[in-house]
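*Asks:* Have a look at this one.
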Amino acid sequence: MANQPVVAIYGNSDSGKTELVVDLVKEFAGEDLEVCTIKHSPSQLSLDEEGKDTWRHKEAGSRMTVLATEVETSFLVPRKMELEEVEEMLKRMGSFDLVIAEGYKDADAPKVAVGDIDSRDNTLHEYDGDFSELKRKINDLIALKDFENELPGLDCGRCGYDSCQELAKAIYEEDKELSDCDVREQRMVDLKVNGEDVPLEYFPAQFVEGGLKGMLRALKGVGDEINRLSLEIRD
Ligand code: SF4
């Protein structure tokens, strides 16, 4: 599952956050990017109503209720979720090119401050009305995430950077290359368990490759030359 670039737009009420989110959606969706938005509200607002069928499902213990109508599909989760949890869910639903959250000023995601508000950690940009500059920063974020998604995500430090994210940044900003990641270069085995990618470091990958090839070469009809191997185990 690829990580998606997420940016949170925060500011006090009436600071123009929603207008900015709407403008960003128009801009990026107009460039054929798949954009997803999240609206965070500190209120007790619920789209569900006591006595409705969906409310009854929830009361019976459903962990998530999907309200599917002829015009819309809404996913109702009967509890508060932090931005990171919502991001995880979105990753499982499919990949978006950009996720824009309105609010979540204290989340870890890169953020844009709008209006007169104290700057929070990981603020990428303080918006001063220069839309082109903000767009450039968000495009940088998308490009960085693309590089990060090309790397194995092991954070092993073998490239000299503490994390894959840092090498991705160096590729984007300096003259580093994807080939500076040895693990990626030497990757011989792609492992999926229950459909999910499981990153394998160099030595476990060598072990899996050597063990399987050795066993298969002993089988009738399999020659010494094994260049590509697919194996699927089902229950
Ligand atoms: S060597 Fe590759 S896997 Fe290890 S931290 Fe660097 S980029 Fe990530």
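No lab work stands behind these numbers, since they all come straight from the coordinates. On a predicted model such as this, the values are computed, not experimentally measured, just so you know. Here the Cβ is made from the backbone with ideal geometry for all residues, glycine too, and neighbour counts use every protein chain on show.
*Asks:* Tally Lys/Arg at +1 and Asp/Glu at -1 over every other residue whose Cβ is under 13 Å from the Cβ of residue 116; what's the total?
*Replies:* -3
*Asks:* Sort 171, 138 so that the residue with the fewest other Cβ atoms within 10 Å of its own Cβ comes first and the one with the most comes last.
*Replies:* Result, fewest neighbours first: 138, 171.
*Asks:* Which of the pairs 58/135; 91/220; 39/169; 17/145; 52/135 have their Cα atoms more than 31 Å apart in this structure? Let's see the in-between values first.
*Replies:* On the way: 58/135 40 Å; 91/220 43 Å; 39/169 28 Å; 17/145 24 Å; 52/135 42 Å.
Violating the 31 Å limit, Cα to Cα: 58/135; 91/220; 52/135.
*Asks:* Right, another one. Of the DSSP beta bridges with both residues in the chain, give the percent that are antiparallel, rounding to the nearest 5.
*Replies:* On the way: 7 of 24 bridges.
So the antiparallel bridges amount to about 30 percent of the total.
*Asks:* Okay, moving on. Would you list 47, 33, 141 from fewest to most Cβ contacts within 10 Å?
*Replies:* Listed from fewest to most nearby Cβ atoms, that is 47, 33, 141.
*Asks:* Where Lys and Arg each count +1 and Asp and Glu each count -1, what net charge lies around residue 225 among other residues with Cβ under 13 Å from its Cβ?
*Replies:* After counting each charged neighbour, the total is +2.
*Asks:* State the Cα centre-to-centre distance between the range 169-197 and the range 37-91 in whole Å.
*Replies:* 36 Å
*Asks:* Moving on to the next point. Quote the relative contact order of the chain in percent (integer), defining contacts as alpha-carbon pairs under 8 Å separated by 6+ residues. Don't skip to the end; give the middle numbers.
*Replies:* Values: 276 pairs, mean separation 48.8, N = 235.
Contact order relative to length: 21 percent.
*Asks:* If the cut-off is 14 Å between C-alpha atoms, which aspartates and glutamates fall inside it for residue 137, apart from same-chain ones fewer than 8 positions away?
*Replies:* Correct list for residue 137: 27, 126, 128, 173.
*Asks:* Between residue 39 and residue 220, what is the FRET efficiency for a Förster distance of 45 Å, r being their Cβ-Cβ separation, to the nearest 0.05?
*Replies:* In this case the efficiency is close to 0.15.
*Asks:* Continuing with the same structure: Kindly rank 93-103, 66-76, 150-160 from highest to lowest mean number of other beta carbons found within 10 Å of each residue. Please list the in-between numbers first.
*Replies:* Values: 93-103: 18.0, 66-76: 9.5, 150-160: 15.5.
Output ranking for 93-103, 66-76, 150-160: 93-103, 150-160, 66-76.
*Asks:* Arrange the following residues from fewest to most other Cβ atoms within 10 Å of their Cβ: 203, 28.
*Replies:* 203, 28
*Asks:* Considering only DSSP states other than H, G, I, E and B, which trypsin sites (Lys or Arg not before Pro) in the range 114-143 qualify as loop sites with at most 16 other Cβ atoms within 10 Å?
*Replies:* Working: sites: 120, 135, 136, 137; in loops: 120.
Sparse-neighbourhood loop trypsin sites (Lys or Arg not before Pro): 120.
*Asks:* With labels modelled as points extended 7 Å from the Cα through the Cβ direction, what inter-label distance (nm, one decimal) is found for residue 64 paired with residue 193?
*Replies:* 2.2 nm
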